[in-house]
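The structure appears below as structure tokens.
The values are calculated or read from the model by the stated rules, or taken from the named source; none is laboratory data. Remember, predicted model here, so these are calculated numbers, not experimental data. Virtual Cβ from ideal backbone geometry, glycine too; neighbours counted across all protein chains shown.
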Amino acid sequence: MTLAVITYLLALFVLGWVILGFFRQTLGGVERAGLAYPIGAGIFTLAVFVAANTGMPITLVSAGVIFAALLLPCLWFVRQNHSSLFITLECPQLELEQIILIGLVGILVLTAFVGAIYMPPVMWDALSFWVLKAKLMAATGEIAPQAQASWPFYPLNLSLQITFLFLLGGDFLQIVIPVYFLSFLLLFYANLRQWIGTTLALACTLFLGATPIIQEYAKHAYANLPFAVYYVGSAIYLLRFLKDKKTSWLVLSGILIGLASWTRAESLLYLVINLLTLLLFTHFTRTSFKHAFAYLGIYAIFGFPWNLYSKLSGYDNELSKAALGGLVSLVSGNLNLSLLEHILRYALASAQATTTWGLLWPGLLVALLLSIKYWREHAALLCLLVLNFVSLIYTYYSASVTSHNSVDWWLGTGRTNGTTLGTPVGVLYGISYRDNLSAKRNYRSIS
Amino acid sequence: MSRFIHSAAVVGITLLFLVHVTMAVPVVQSTWEGPLLEPNRTYEQKMRLVWGWSPHFDFMQFVQANTPDHSVLLFDPNYRYATITLYFLYPRKIVYGNEETLRKRPEIDYVVISEGFPSFSVSGERIMFDDKHGLYRIYK
């Protein structure tokens, strides 16, 4: 059983690794390893979903066929383009403090795996939809019964990954979550290292991984962490595109935001954030519109199957309806200032809950203060941060004005989304001041 | 002066980092406690670790044990654990409704007794889990 689960996870990793062969020229080994599982799993489950809607049952045999149908053409194409599937592993010389930091990050990852393996799914959302949908689809071999669970408009990326764990015997149902956690840390570290060096990047990765709420999310079958991996990845590669204008970063960012839309139902708002940043920082030139359309196109490829299915099945995306309702209310001039104040007060109060966030927000504040002198260099990142914060507040606002549930009910349900979305971008911003300091020193020494 | 500010900033950031990382210790500790101290806990014991405050999990185990796999169960439409009930009871079918639902749906095999429900009379065998929760097996 254990071997079957490991083989399943490895297969999805290999699929992602091969697909990322298309980006061989630009991706480093560690970030390719960080992206491989999320990309492989997301594309595989999307293919299973499409196949299941054309009448193919969800079984291990059909999964094998779909896996081969995805892997073989990619292998062929990657080989045709003379891209190597393998990377040369060079063992770097590590300093003592780097070894200690790697050890501590390793303990966090191991803890997440132990927690996810030891405990069955126990949390409310896991039992009421994420794992329940998987159980229903595994039992029937069809997509349709997932509608019996609550929130049927939530996409099935995570649930389909768990479906195959049910089909493999039903053990270790939460194991995909720590795999996402590991991917998250690898992706984060690999990108930071390029900007700030190994030691500081490892320290920041430890800082991120040690955040209590992220530790908690790394072992329970929620889609918050997988969604964060996709969204934060899309934000990072968007920033890299804005920095060096390599089209492959834009494509990667588009794929990741597309897969985010296949993971949670809130992705449209985050697509808007990325698009706004893209448009703002390419100054509305003709080129930027071309890029924006390409970005939208890639998003649509991944978002289309689920959105079409939801439409045809009559599942209303309550979150999109709320977002639109909130917008209509604002455009009509009905700004409820006391509600807004209530939400902001709540945000401020919950940011101080150290058992949930640790010192994440004070850390971000310090980082912002330190880097304020260099805001021009990090304007795109700052823009993403501000838009993320605004969208979080707007989500609560619109949900409260359009729903019969009170604002306190909404604040109580979704308080943690901010962590997984805003935090990594925030920490990324925070540490970037170092980049500027060293750049400035280099400039001085040259002149 | 600027050197002093720089040193203070470095000390401050280092302290902030250390305190933040230390805050993960309780989460790590609580995660390892179970596997190290009681590695052979059963599924039920693990579920009770989280759901022990509520009778719901044990009640669902009771319903599972006392109803066949493909039976149809009538639940209180306001049952507070409605959204997580199917996870435990699948492949049984769950219907939420009242007296009229029971009358109109002859396929219903059981009525689930929970906190004042059903408030109407049911002709069936009463099997109790505790003083508030149980089942009526409908006479057919």
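Tabulated results
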{"item": "Residues of region B:63-113 satisfying the condition of being free of Cβ contacts under 8 Å to residues at least 40 places away in the same chain and of a type in the set (S, T, N, Q)", "result": "B:64, B:71, B:78, B:83, B:85, B:98, B:101"}
{"item": "Cross-chain or 6+ apart pairs with Cβ under 7 Å, region A:46-66 first and in contact (Cβ under 8 Å) with a residue 12 or more places away in the chain, then of a type in the set (Val, Ile, Thr) and in a loop (DSSP other than H, G, I, E, B)", "result": "A:48/A:58; A:49/A:143; A:52/A:58; A:52/A:143; A:53/A:143"}
{"item": "Residue that is modelled with the lowest pLDDT, among those in region B:5-56 that are hydroxyl-bearing (Ser, Thr, Tyr) and closer than 30 Å to residue B:84 by Cα", "result": "B:54"}
{"item": "Elements of type helices (runs of 4 or more DSSP H) contained in region A:26-137, each with 2 or more residues being farther than 30 Å from residue A:201 by Cβ", "result": "A:29-53, A:60-80"}
{"item": "Residue list for region A:32-43, restricted to those being touching a residue at least 60 places away in the same chain (Cβ under 8 Å), surrounded by fewer than 24 Cβ atoms within 10 Å (Cβ to Cβ) and not small (Gly, Ala, Ser)", "result": "A:43"}
{"item": "Residue in region A:322-333 that is in a loop (DSSP other than H, G, I, E, B), under 25 Å from the mean Cα position of the chain (by Cα) and not polar (S, T, N, Q) present", "result": "no"}
{"item": "Among residues of region A:128-148, those that are among the aliphatic types (A, V, I, L, M), facing another protein chain (nearest Cβ under 9 Å) and surrounded by fewer than 24 Cβ atoms within 10 Å (Cβ to Cβ), counted", "result": "1"}
{"item": "Index of the failed condition, residue A:111 passing every other in (1) modelled with pLDDT of 90 or more; (2) of a type in the set (Ser, Thr, Tyr); (3) within 30 Å of residue A:315 (Cα to Cα)", "result": "(3)"}
{"item": "Residue in region B:32-49 that is more than 29 Å from residue A:206 (Cα to Cα), touching a Phe, Trp or Tyr at 6+ places or on another chain (Cβ under 6 Å) and surrounded by 14 or more Cβ atoms within 10 Å (Cβ to Cβ) present", "result": "yes"}
{"item": "Single residue of region A:209-246 satisfying the filter (of a type in the set (A, V, I, L, M), over 24 Å from residue A:172 (Cβ atoms) and under 14 Å from the mean Cα position of the chain (by Cα)) that is farthest from the other protein chains (Cβ to nearest Cβ)", "result": "A:238"}
{"item": "Residues within region A:362-396 that are away from chain B (no Cβ under 14 Å), closer than 29 Å to residue B:14 by Cβ and hydroxyl-bearing (Ser, Thr, Tyr), tallied", "result": "1"}
{"item": "Unique match (being more than 10 Å from chain A (Cβ to nearest Cβ) and within 30 Å of residue B:118 (Cβ to Cβ)) among B:55, B:91", "result": "B:55"}
{"item": "Residue B:2 vs. criteria more than 10 Å from chain A (Cβ to nearest Cβ), loosely packed, with under 12 Cβ neighbours inside 10 Å, modelled with pLDDT under 95 and under 30 Å from residue A:104 (Cα atoms)", "result": "no"}
{"item": "Residues located in region A:99-113, provided they are surrounded by fewer than 20 Cβ atoms within 10 Å (Cβ to Cβ), facing chain B (nearest Cβ under 10 Å) and touching a residue at least 40 places away in the same chain (Cβ under 8 Å)", "result": "A:104"}
